[in-house]
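Enquirer: The structure's right below; bear with me while I get my questions together.
The values are calculated or read from the model by the stated rules, or taken from the named source; none is laboratory data. From a predicted model like this one, the values you see are computed outputs, not experimental measurements. No Cβ is skipped: glycine too gets one built from the backbone with ideal geometry, and neighbour counts run over all protein chains shown. What goes into the accessible areas is simple: the full protein's heavy atoms, side chains included, and nothing from ligands, DNA or RNA. Shrake-Rupley method; radii C 1.70, N 1.55, O 1.52, S 1.80 Å.
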Amino acid sequence: MADLWWIYSKPVPADGRELWTLFLQCSCITAVIGGLFYNWMFASLEYSWHLSVAVAVSFSLLLLLTLLLVHPARCVFSMIMPTLGTKQGRKLLFSACIMIAVVNVTPNIISNIKTILQVIKCICKNSSDSLLNSTALLEKVSWEFGDAVQETIHSIYKPMNGHFQFSLLQNSSLIYQKMHLAGEKISREFLSVEVLVKDSIRVGNRLAAGFSMLYLCFESSWYLKNYLTNLRFDNFYITKKLERLAADRKAAHLLVGSPKKLIRPTGLKLSWEEVVLCLVQAMLVTVALVLMLVVVAMDHFAFSVADTAVRKAAQFSAVPIALNIKYKVEIRIMPFLFKVFGHPSEKLLLGDFNRTYYHHLIFSSAQCRISPPTPPNPSVLLVVGLLFCILYGTVLLETYARRLCREIAASFFQSWEEKRVLHLYKKLSRRH
């Protein structure tokens with residue numbers, strides 16, 4: 001492995017064997033990166049498969065030529081890998097979390113909201129139908145009661161029409177048509193909102209992913225540029241070369257009593273600045289986690305409401321309505337004479353009308369087309385949890401990823417690393 005890395009990090013291969021070894025190394029790297037790039041474009045960013053294949057193949061060929069011919073490009077590419085463990089890699093993971101929410105959570109929430117609206121539409125339709133039928137019952141009651149009134153009253157005082165008049169809507173198709181149009185309008189609006197949200201988030205996620213990839217390359221190039229132009233940049237590590245230089249010049253005491261800022265790149269010790277940076281990044285990841293959990297909780301809440309609405313609507317029983325009419329007609333014979341003699345007057349019953357009419361208000365029926373509520377996908381929560389575990393891991397490993405970037409740059413430019421070590425040694429000597 002050391003020999004392979006030595007050939008990979010050399011500016012120019014020494015012979016044909018090293019050239020073929022370098023070509024095989026670059027070919028394997030580009031094949032793996034091309035496959036990952038295709039999967040990322042097709043599965044995560046939702047590009048078409050033929051576009052993903054074309055871009056992945058073109059990118060792989062260009063990457064192969066670049067790695068094979070340009071030595072600094074190999075260094076930059078090698079530093080991109082540990083840079084994925086920094087905030088730029090976290091941006092890509094955030095992008096993946098957003099796409100998971102867009103593809104799986106958001107349509108599920110909208111589907112459950114549609115189910116709730118279907119339940120409301122069904123209740124409105126059936127209740128309005130029952131109310132229209134109740135007007136027909138009132139019409140029947142009015143005619144029977146009117147007939148009883150005409151039969152009871154003497155022909156001299158009988159009115160021309162003893163019936164109550166109801167203005168009934170015999171054709172209810174207009175109401176059903178309006179309700180259907182209103183439901184279709186709501187469905188179209190929800191569909192347009194769903195498409196707009198998904199398209200907007202998809203485009204935004206693609207732009208964010210592309211910017212993150214470009215920034216990964218830029219950050220690695222920026223680090224290499226500072227490494228090669230500034231001797232003080234990221235130069236506070238006690239490396240093996242510095243230890244050998246101090247031992248050769250019999251100044252090992254400089255490293256024993258070194259300032260607190262100096263640390264070993266292979267150790268686990270973190271400086272105070274690195275600890276503060278980790279805490280800040282952990283807080284940002286926690287905020288993103290809370291927002292993602294809110295979206296997932298909304299999915300569960302929408303499903304709970306939709307499931308409760310469907311079950312309760314199916315359990316709605318018909319509401320019985322009883323209309324009782326009591327009508328009694330009687331006359332008193334000589335009431336003033338009976339009142340003079342202190343006896344109760346005699347009553348003559350002419351008519352007695354006592355009937356009860358029954359009706360049921362129905363709020364739900366089996367004819368309603370209600371799509372079943374869609375339960376949340378448990379694998380979504382599992383994948384999101386795994387991604388955020390990786391995110392918290394990158395927060396802790398970001399410092400060590402930066403140290404690895406420095407080790408990679410030092411292995412590609414060893415002569416320049418010796419100058420940096422000599423600069424740090426002279427700095428320690430002046431302080432001592």
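Enquirer: According to a simple spin-label model (label point 7 Å from Cα along Cα-to-Cβ), what is the distance in nm between Glu189 and Phe353?
Expert: It is 4.7 nm.
Enquirer: With label points built 7 Å along Cα→Cβ from the Cα atoms of Val55 and Ser200, find their separation and express it in nm.
Expert: With each label placed 7 Å out from Cα toward Cβ, I get 2.3 nm.
Enquirer: Report the gain in length on full extension from Ala247 to Leu137: 0.36 nm times residue separation, minus Cα-Cα distance, nm rounded to one decimal.
Expert: 28.7 nm
Enquirer: Could I ask something else about it? Tell me the accessible surface of Phe37 in square angstrom (1.4 angstrom probe, heavy atoms of protein chains only), to the nearest ten.
Expert: Spelled out: Phe37, probe radius 1.4 Å, area about 40 Å².
Enquirer: Something else: Cβ under 14 Å from Ile123's Cβ, Ile123 left aside: what net charge do those residues give with Lys, Arg +1 and Asp, Glu -1?
Expert: Charge balance in the 14 Å sphere: +4.
Enquirer: Same structure again: According to a simple spin-label model (label point 7 Å from Cα along Cα-to-Cβ), what is the distance in nm between Thr229 and Lys426?
Expert: For the pair Lys426/Thr229, the computed spacing is 2.1 nm.
Enquirer: Would you list Ile123, Ile362 from the most to the least accessible area, probe 1.4 Å?
Expert: Sorted by accessible area, descending: Ile362, Ile123.
Enquirer: To the nearest 0.05, what FRET efficiency results for Leu262 and Val12 with a Förster distance of 30 Å applied to their C-beta separation?
Expert: Calculated transfer efficiency: 0.30.
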